[in-house]
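The values are calculated or read from the model by the stated rules, or taken from the named source; none is laboratory data. These figures come from a predicted structure and were not determined experimentally. When we count neighbours, we look across all protein chains shown, and the Cβ atoms used for this are built from the backbone with ideal geometry, even at glycine.
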Amino acid sequence: MSQHTVDPWRFAGSTISKMLAAAIPETPSHPPIPWTPVSKPLSECKVALLSTAGLSMKTDEPFDMEYERQNPTRGDGSWRAIAADATAADIDANHLHIDTGFIERDLNVALPLDRLREGVEEGRVGAIADRHYSIMGFQGNDSSKLVGESAPEIAASMRNEGVDLALLAPV
């Protein structure tokens, strides 16, 4: 079997990629991420998506890109809900640390709603959650709002809706 290398900076652009790669330590400083195994077949699961692309519904307040401009090593730690029936025409990408042109051409690179809908239609996925979620993945060295407020709020919202499985769409 051949080894494949994943380019974690593919969507960031060359200048930002170099800056981020130099600023991020090789050894993570966070505790291990908890893992919960899926307890039933995917065909019986209600699934929600979580994107790190700073997506918002056009009818909602966008992520704070002015804060991001003033603090180029940090991002907005809040979150946004995305409606299950949203299309690319309903969504804005608010993120200075990634090239949003890819998202503008195909929303599925950051929020694969069409693929999830296909999975339900084909019987491979049980149901689509009513709400999906987006955060700004770039938090620099202070993720306290994301970890302390946004993540618990998103988890509670998913629990309240009966979501069985959350799929991360990292950008």
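Side notes on the structure shown:
- Scanning segment 63-94 for residues that are part of a loop (DSSP other than H, G, I, E, B), over 20 Å from residue 117 (Cβ atoms) and at pLDDT 85 or above gives 63, 64, 76, 77, 78, 94.
- Selection status of residue 157, closer than 21 Å to residue 38 by Cα and hydroxyl-bearing (Ser, Thr, Tyr): yes
- Members of segment 119-148 found to be acidic (Asp, Glu) and over 23 Å from residue 92 (Cα atoms), listed by number: 121, 122, 142
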